[in-house]
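See structure below.
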Amino acid sequence: MLTTSLAAPPSALSARRRWTVLAVCALSMFLVGVDTTIVNVGLPEIGQGLDVGTRGLEWVVNAYTVVLASLLMVSGALADRFGRRRIFQCGLLVFGLASLACALAPSLGVLVAARAVQGVGASMLSPVALAIVVNAMPDPRERARAIGVWASVFGLSMAAGPVTGGALIAAFGWRSVFWINAPVVIAALVLVAVFVPESRAERARRLDLPGQVLLTVVLGLLVGVLIEGPGIGWASPAALTGYALITAATAGFVLAELRRSEPLMDLGLFRRPPFATAVFGAMAVFVALNVSLLLNTLYLQHARSWTPLASGAATLPMALGATLCAPWSGTLVGRLGPRRPLILAGAFTTVGGLCLMNLDQDTSVPLLLLAHLLIGVGFGFANAPLTNTAVSGLPPSRAGVAGAITSTARQIGAAVGIAVAGGLVAGTGPADLAAASRPGWLLVAACGLFLLVVARASQPAAVDTVYR
């Protein structure tokens, strides 16, 4: 009977069934990754269609990432309490309906609001997918390989977003980047219902509503100041007020979390160097990726007058590097631990950023493609060791929270990367855009150097080190 099969514990699942579960979760995660980056290549077209400037367009991307980052922790806790498959299905449904609203949006305000609702749905997918995979794979080495595959699919989706978006926009216009989600959501809902078993934490945590509100306020204010800072002035009264509110909300969040017996985010975990550096490393990786993607889109379409399809195609080397190296990275983690793939990730990302530190109007296309390839390789090598280190830092029963912490760091990095890159070039004319973007490429290189620090702090060979 199907019901009996779905109720089977992870240890009772056959190898084929376990990897089928991974495939279904990976398909759903593809949605989250693609929607984090697919809109980037369409921003100029959206700006023309809705008559908005660069700062308004940044909110189209970051309304999604800020809400996603803010709610990942509570979504992981809800999944541990009410059932991971159930929350996963709710997330797919919300994500699909919000995608339709994005496709039909008549104005910037409606589009930004619909993107925020998309972020609500996506927050129920990212940590829950990883928790389902971790619970379905009881063997540590099999789990490491599965995380490598999961990271590969997620990395592919992030890097392939601009390529997919460029092709869709060229054929059907910018609204098609949202219409395309509908058939994928429908297929995922059917597959999840048939193949994914229900699972919960052995003991569900209480919801931390004060912590959730304060975290949302911190992230919203931080990204808001980064986006609006160039326009209002970094030393203006509005910006100074923003800094004060960010500081107060952050202090309130820390105090609230330290006083709760079951906090939204266990800050004590950050006393462990491997866990803390893995979380900040995940943030740095996504800062680098999103800075690269946005600067690439604006530079090629505005400064060099490339089409959305051509500028999306320019990121193909990035997608190729991420796709080929992520599974290899998972294998290396399973055999040797996270240190070596993290060293490779840091080295490739650093060199990729340095390739474009002197970007100008006539930078050769081969150099652009080489830089994108190197950054993609670095991204591919980074995800599996960072994810494995973070997940291994918490008990298996808290897998939803473990995935949520790492995913929150990723989305914070994505939001910060978009805000910083947009701030560098906002209001800049086509002739000056290349020079204005150079600090962004130095930031990409700095993120790569930080990964070398993460590698030094990581466990040298342990695959299943568990925090207790």
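Quick notes
- Some residue of region 200-218 being assigned to a loop (DSSP other than H, G, I, E, B), under 22 Å from Ala129 (Cβ atoms), touching a helix residue (DSSP H, G or I) at 6+ places or on another chain (Cβ under 8 Å) and among the polar types (S, T, N, Q): no
- Criterion: modelled with pLDDT of 90 or more and not acidic (Asp, Glu) - qualifying residue of Val128, Val94: Val94
- Odd one out for Leu245, checked against (1) assigned to a helix (DSSP H, G or I); (2) touching a residue at least 40 places away in the same chain (Cβ under 8 Å): (2)
- Leading residue by the ranking (nearest to Arg17 (Cα to Cα)) among those in region 164-198 that are open to solvent by less than 20 Å² (accessible area, probe 1.4 Å) and of a type in the set (S, T, N, Q): Asn181
- Scanning region 387-415 for residues that are surrounded by 24 or more Cβ atoms within 10 Å (Cβ to Cβ) and either closer than 16 Å to Leu222 by Cα or modelled with pLDDT of 85 or more (or both) yields Thr408, Arg410, Gln411, Ile412, Gly413, Ala414, Ala415.
Here's the yes/no breakdown for (1) closer than 26 Å to Pro385 by Cβ; (2) at pLDDT below 90; (3) open to solvent by 50 Å² or more (accessible area, probe 1.4 Å):
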position	(1), (2), (3)
Glu202	no, yes, yes
Leu219	yes, yes, no
Gly224	no, yes, no
Glu228	no, yes, yes
Thr241	no, no, yes
Gly252	no, no, no
Asp266	yes, yes, yes
Val291	yes, no, no
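- Candidates Gly56, Gly42, filtered to the one that is closer than 23 Å to Ala415 by Cβ, modelled with pLDDT of 75 or more, of a type outside the set (D, E, K, R) and surrounded by fewer than 24 Cβ atoms within 10 Å (Cβ to Cβ): Gly56
- Taking (1) under 19 Å from the mean Cα position of the chain (by Cα); (2) within 19 Å of Ala455 (Cα to Cα); (3) at pLDDT 90 or above in turn, Pro341 satisfies each apart from (1).
- Any chance Phe280 is touching a residue at least 60 places away in the same chain (Cβ under 8 Å) and either within 23 Å of Asn62 (Cα to Cα) or open to solvent by less than 50 Å² (accessible area, probe 1.4 Å) (or both): yes
- When every residue of region 306-324 is checked against the conditions, none turns out to be of a type outside the set (A, V, I, L, M, F, W, C) and without any contact (Cβ under 8 Å) to a residue 12 or more places away in the chain.
- Matching residues, region 341-380, being in contact (Cβ under 8 Å) with a residue 60 or more places away in the chain and open to solvent by 60 Å² or more (accessible area, probe 1.4 Å): Ile343, Phe348, Val351, Leu354, Met357, Asn358, Asp360, Gln361
- Where a residue in region 62-89 is on the phi > 0 side of the Ramachandran plot and its partner, wherever it lies, is surrounded by fewer than 24 Cβ atoms within 10 Å (Cβ to Cβ), with Cβ under 8 Å and at least six apart: Gly83/Glu198; Gly83/Ser199; Gly83/Arg200
- Residue count, region 318-340 (criterion: open to solvent by less than 40 Å² (accessible area, probe 1.4 Å), farther than 21 Å from Asn290 by Cβ, of a type outside the set (Gly, Ala, Ser) and assigned to a helix (DSSP H, G or I)): 2
- Members of region 111-127 that are more than 22 Å from Leu78 (Cβ to Cβ) and touching a Leu at 6+ places or on another chain (Cβ under 8 Å): Leu111
The values are calculated or read from the model by the stated rules, or taken from the named source; none is laboratory data. The model shown is predicted, which means the values in this text are computed figures rather than measured ones. In this analysis, Cβ positions are derived from the backbone assuming ideal geometry, glycine residues included, and neighbour counts consider all displayed protein chains. The area values use the complete protein model at the heavy-atom level, side chains included, leaving out ligands, DNA and RNA. Shrake-Rupley method; radii C 1.70, N 1.55, O 1.52, S 1.80 Å.
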